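Take a look at the structure below.
The values are calculated or read from the model by the stated rules, or taken from the named source; none is laboratory data. Bear in mind that the values here come from a model prediction, so they are computed numbers and not experimental data. In this analysis, Cβ positions are derived from the backbone assuming ideal geometry, glycine residues included, and neighbour counts consider all displayed protein chains.
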Amino acid sequence: MKKELDKNYVPDNSSMAPNFEDMENLGKQMENRRTNQELKEEYGKKPDPIQHEKEDE
């Protein structure tokens, strides 16, 4: 028999923001993310190829 969880249960390893303040901070971080071009030219880094591969048409 499965144990029912409280409706307000949030797991410790949840990737969702637990409160509004954290959600606002994450939004600010997303606004300031570097583009792939910036990563390549200014920082000499490679963006994650799996997330940014374009399908052959």
Log entry, pairs with first residue in segment 26-52 being part of a helix (DSSP H, G or I), second being at pLDDT 85 or above, beta carbons closer than 7 Å, six or more apart or on different chains, reads L39/K45; H52/N36
Could you go through segment 16-39 and let me know if any residue there is modelled with pLDDT under 75, hydrophobic (A, V, I, L, M, F, W, C), surrounded by 10 or more Cβ atoms within 10 Å (Cβ to Cβ) and on the phi < 0 side of the Ramachandran plot.
no
